[in-house]
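Structure record follows, encoded as structure tokens.
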Amino acid sequence: MHTADTPTPYSGLDRMPLDGTWRPGGSGAVASDTNPYTGEVLTEIPLASAVDVDTAYQAARRAQPDWAARPPGERAEVFLRAVRILDARAAEIADWLVAEAGAARFRAEFEVALVRDVLLEAASFPSRVAGRILPSMVPGKENRVYRAPVGVVAVISPWNFPLQLSNRSVAPALAVGNAVVLKPAGDTPVTGGLLLARLYEEAGLPPGLVNVVVGKGSEIGDAVVTHDVPSVVSFTGSTPVGEGIARSAPLKRCALELGGNGPLVVLDDADLDRAVDAAVFGSFVHQGQVCMATNRVIVDDSVHDAFVDRFAERVRGLEAGDPAAERTRIGPIINASQLASVRDTIARAVDDGARQLVGGEPFGPVGSVLPPHLLLGDNDVATAAEEVFGPVATVVRAKDEQHALDLANDTEYGLSSAVYSGDAERGVRFARRVRAGMTHVNDTTINDDPNTAFGGEKASGLGRFGGDWAIEEFTTDHWISVQHTPRSFPLA
């Protein structure tokens, strides 16, 4: 309930910010944004057309030069104000994440905290953009390399951590002087785009710098990617879609964070209780709908049975149900097609010979809550070989350390991974041989610090998000030379 101590809740979330005004999309189609647990309609949004996409890009192109020319401190202050506003509206935003994304309450609060960290990190970016002065082989010449914003950035974000995975690109892109056109996922248009735009608007970001287009991929997806205005396309989502974007925009820079099949390796000297804690969190937070999720738990033969006993006991104790309830740890799957996909993967794994230790049937008002599942199998069963994106963990037995490493690397993906060992340096030696963008020693696969290199190898993506790496993604180098003394040319 609104009180004198809390801000008035955001309204107008059935429209989208285009060229400095909030307006309905012009496609003629209307989408119902629904609660995945109850089926309740949260809002109805007239969807954007390709014409709206062009409007967004032209507005961004016009607004960007003035923003880039502003002093670094002025740009930084927008992000500091956004932090204060986020703090004041934390409960409101968490409520939206629970209602729209199906996030359990603790998970929603965790996401708000991640967004806060990104905003604080982005506030430092305006004063961290730096060029270089380099010597020249030509007498009397000075080489300067200026680092400048790319201009306009397209951001396409997913539904699983919608606010964070939108802002992870939007904040650094804006901070270094760009404008943004954001297309959030259709399942989470409010938390993935419209709330973020309201937040920046309230923080004093000038109009036209953040434009949000809510629409069907079939209607506006190509227009967002192939339009001639954006220089960078930042996409977080599935590998097949990311590959399609890269093919559609061969001359644009693509920052792609794609699928994963995260292994958590438990070596023979691991602290099993701590490894179980990490596996439970990594496999089941947000119903396993996380790119960094622990998809496979690879356990040394000598401790396999003891680990499985403890892991199964913990998984059976996870409470599934209404994400708004404080005790809930497993909420709904985002939509019916995703639920069907998860169930199909489980069924194929069992057909492949996996043994199901924990499971259950979907339940809830619309049958969208799938209880946590735990399977035992080899690395080739469907739930181990594929990214499940559901509340499913598969434990795989390894003969020894080398076998565990081989199993961990036996996947097309290479996003996040983890290893548990009683000897941290043994863990580091193991981690350095894992073919992944991120490996965490004595921790879970799910980690996201805003000041370091977040990203994957192989089919898990291109580029890195966070810190200096984000600055590089969203800026470009401009070589300017100055000839201080007259130069002699051969044809003169």
**Item:** Residue pairs meeting the criteria (Cβ under 6 Å; at least 6 apart or on separate chains; first part of a loop (DSSP other than H, G, I, E, B), in the stretch 478-492; second surrounded by 11 or more Cβ atoms within 10 Å (Cβ to Cβ))
**Value:** HIS484/GLY140; THR485/GLY140
**Request:** Could you please give the count of residues in the stretch 363-377 that are crowded, with 17+ Cβ neighbours inside 10 Å, free of Cβ contacts under 8 Å to residues at least 60 places away in the same chain and assigned to a loop (DSSP other than H, G, I, E, B)?
**Result:** 2
**Request:** Give the number of residues within the stretch 450-492 that are farther than 18 Å from GLY260 by Cα and under 30 Å from the mean Cα position of the chain (by Cα).
**Result:** 16
**Request:** From ALA340, ALA349, ALA393, ALA418, grab the single residue that is in contact (Cβ under 8 Å) with a residue 12 or more places away in the chain and either on the phi > 0 side of the Ramachandran plot or part of a helix (DSSP H, G or I) (or both).
**Result:** ALA349
**Request:** Quick one: count up the residues across the stretch 55-77 that are under 21 Å from LYS216 (Cβ atoms) and either loosely packed, with under 15 Cβ neighbours inside 10 Å or in contact with a Lys or Arg (Cβ under 7 Å, 6 or more places away or on another chain) (or both).
**Result:** 0
**Request:** Using the structure shown, decide if ALA94 is part of a helix (DSSP H, G or I), free of Cβ contacts under 8 Å to residues at least 24 places away in the same chain and crowded, with 21+ Cβ neighbours inside 10 Å.
**Result:** yes
**Prompt:** Got a sec? Which of THR452, THR444, THR476 is under 20 Å from ASP277 (Cα atoms) and either assigned by TED's automatic domain parsing to the domain that holds GLY237 or among the polar types (S, T, N, Q) (or both)?
**Reply:** THR444
**Message:** Take the conditions farther than 19 Å from PRO71 by Cβ, surrounded by fewer than 23 Cβ atoms within 10 Å (Cβ to Cβ), in the same structural domain as GLU473 (by TED's automatic domain parsing) and within 22 Å of the chain's Cα centre (by Cα) and apply them to GLU121. Does it pass?
**Reply:** yes
**Request:** Kindly indicate which of ALA255, ALA223 is surrounded by 17 or more Cβ atoms within 10 Å (Cβ to Cβ), within 24 Å of GLU387 (Cα to Cα) and either free of Cβ contacts under 8 Å to residues at least 12 places away in the same chain or not basic (Lys, Arg) (or both).
**Result:** ALA255
**Complete:** By residue number, the members of the stretch 328-337 that are under 18 Å from SER283 (Cα atoms) and in a loop (DSSP other than H, G, I, E, B) are THR328, ARG329, GLY331, PRO332, ILE333, ILE334
**Request:** Could you please give the count of residues in the stretch 451-473 that are out of contact with any Ser or Thr (no Cβ under 8 Å at 6 or more places or on another chain) and assigned to a loop (DSSP other than H, G, I, E, B)?
**Result:** 6
**Fill in**
Here the residues within the stretch 216-238 that are of a type in the set (D, E, K, R) and part of a helix (DSSP H, G or I) are GLU219, ASP222
**Asked** When only residues in the stretch 278-313 that are charged (D, E, K, R) and touching a residue at least 12 places away in the same chain (Cβ under 8 Å) count, which is surrounded by the most Cβ atoms within 10 Å (Cβ to Cβ)?
**Response** ARG296
**Request:** State which residue is farthest from ASP228 (Cα to Cα) when the search covers only the stretch 38-61 and only residues that are among the polar types (S, T, N, Q) and assigned to a helix (DSSP H, G or I).
**Result:** THR55
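This table checks each residue for (1) modelled with pLDDT of 95 or more; (2) under 19 Å from the mean Cα position of the chain (by Cα); (3) surrounded by fewer than 21 Cβ atoms within 10 Å (Cβ to Cβ); (4) of a type outside the set (Lys, Arg).
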residue	(1), (2), (3), (4)
THR188	yes, yes, no, yes
THR191	yes, yes, no, yes
ALA197	yes, yes, no, yes
GLU202	yes, no, yes, yes
PRO206	yes, no, yes, yes
VAL210	yes, yes, no, yes
GLY217	no, yes, yes, yes
PRO230	yes, no, no, yes
**Residue list for the stretch 125-173, filter: β-branched (Val, Ile, Thr) and loosely packed, with under 14 Cβ neighbours inside 10 Å** = ILE133, VAL138
**Request:** Can you give me the number of residues within the stretch 14-37 that are under 30 Å from PHE363 (Cβ atoms) and in a loop (DSSP other than H, G, I, E, B)?
**Result:** 3
**Prompt:** How many of the residues making up the stretch 1-43 are exposed (fewer than 13 other Cβ atoms within 10 Å of the Cβ) and either closer than 17 Å to GLY215 by Cβ or in contact with a Gly (Cβ under 8 Å, 6 or more places away or on another chain) (or both)?
**Reply:** 3
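The values are calculated or read from the model by the stated rules, or taken from the named source; none is laboratory data. Bear in mind that the values here come from a model prediction, so they are computed numbers and not experimental data. Neighbour counts run over all protein chains shown; Cβ positions are idealised from the backbone, glycine included.
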